[in-house]
Amino acid sequence: MTNKPGSDFEMRFTSTPRGARLARRPAAHRLDSWGIPYGGGPHEAIALVVGELSANAVRHGHVSGRDFHLRLYVTGPARTVVRIEVTDTRAERTPPRPEALRAPDPEDTAGRGLVLVAGLASRWGWHARSDGPGKTVWAECAATPLV
């Protein structure tokens, strides 16, 4: 991945299923413009994490009339890590900590999103918002193929 100027992307989306679906499209476009091309493993993994975290913000962080916020930026040694941050405004519904995450039972119809994020990301977690109610769930993914 090359170190492109403007390696930071932020946007707000409506806290609806449509907003969660829409979040993935501009994020995928931005990744491609940063040199993480469509169709590559890193691009697909990062876009999937964006989709899962956005869907969780809508499902578990929805507050009527409030949007969720997506931020992507390049970080890490040699700028080879993309950090995804999704912030919602609901403080009382928090995800488990990474060390407490458990796989759902095979019969469960939900609860696989963060398991998927944990499998695709090198690290993930969450923290309370410092500038208002809610939380930010974040994940870090390799921007280059793992060899």
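Residue pairs whose Cβ atoms lie under 6 Å apart, separated by 6 or more positions or on different chains, with the first residue in the stretch 33-58 and closer than 15 Å to T144 by Cα and the second open to solvent by 20 Å² or more (accessible area, probe 1.4 Å) and of a type in the set (S, T, N, Q), are G35/T2. Out of everything in the stretch 93-122 that is among the acidic types (D, E) and open to solvent by 90 Å² or more (accessible area, probe 1.4 Å), what residue ends up being nearest to I46 (Cα to Cα)? Here the residue is E99. For the stretch 125-147, a residue qualifies if it is open to solvent by less than 60 Å² (accessible area, probe 1.4 Å), among the aliphatic types (A, V, I, L, M) and either assigned to a loop (DSSP other than H, G, I, E, B) or at pLDDT below 90 (or both), and exactly one does: A143. Under the condition of being loosely packed, with under 15 Cβ neighbours inside 10 Å, farther than 19 Å from A110 by Cβ and out of contact with any strand residue (DSSP E or B) (no Cβ under 6 Å at 6 or more places or on another chain), the residues counted in the stretch 1-20 number 6.
Counting the residues of the stretch 100-124 that are among the small types (G, A, S) and assigned to a helix (DSSP H, G or I) gives 4.
For the stretch 52-77, a residue qualifies if it is part of a helix (DSSP H, G or I) and crowded, with 20+ Cβ neighbours inside 10 Å, and the qualifying residues are E52, L53, S54, N56, A57, V58, G61. So which of A23, A28, A78, A110 is touching a strand residue (DSSP E or B) at 6+ places or on another chain (Cβ under 6 Å) and more than 17 Å from G125 (Cα to Cα)? Going through A23, A28, A78, A110 in turn, just one is touching a strand residue (DSSP E or B) at 6+ places or on another chain (Cβ under 6 Å) and more than 17 Å from G125 (Cα to Cα): A23.
None of R90, R83 is modelled with pLDDT of 90 or more and open to solvent by 50 Å² or more (accessible area, probe 1.4 Å) except R90. Comparison of A110, A121 shows that the only residue that is out of contact with any Ser or Thr (no Cβ under 7 Å at 6 or more places or on another chain), modelled with pLDDT of 95 or more and under 24 Å from D67 (Cβ atoms) is A121.
In the set (1) assigned to a helix (DSSP H, G or I); (2) among the hydrophobic types (A, V, I, L, M, F, W, C); (3) in contact with a strand residue (DSSP E or B) (Cβ under 9 Å, 6 or more places away or on another chain), the condition left unmet by I36 is number (1). Return yes or no: is E107 in contact (Cβ under 8 Å) with a residue 24 or more places away in the chain and of a type in the set (D, E)? When the stated conditions are applied, E107 does not pass them.
Looking only at residues of the stretch 70-98 that are touching a Phe, Trp or Tyr at 6+ places or on another chain (Cβ under 9 Å) and of a type in the set (A, V, I, L, M), we find that the one that is nearest to A143 (Cα to Cα) is V82. Only residues that are open to solvent by 10 Å² or more (accessible area, probe 1.4 Å), within 16 Å of M11 (Cβ to Cβ) and within 16 Å of the chain's Cα centre (by Cα) were counted in the stretch 29-51, giving 3.
The values are calculated or read from the model by the stated rules, or taken from the named source; none is laboratory data. Being a predicted model, the structure only gives us computed values, none of them experimental. Neighbour counts are summed over all protein chains in view; Cβ atoms, including those assigned to glycine, are modelled from backbone coordinates with ideal geometry. Ligands, DNA and RNA are stripped out before the accessible areas are found, and what is left, the full protein with its side chains, is counted by its heavy atoms. Shrake-Rupley method; radii C 1.70, N 1.55, O 1.52, S 1.80 Å.
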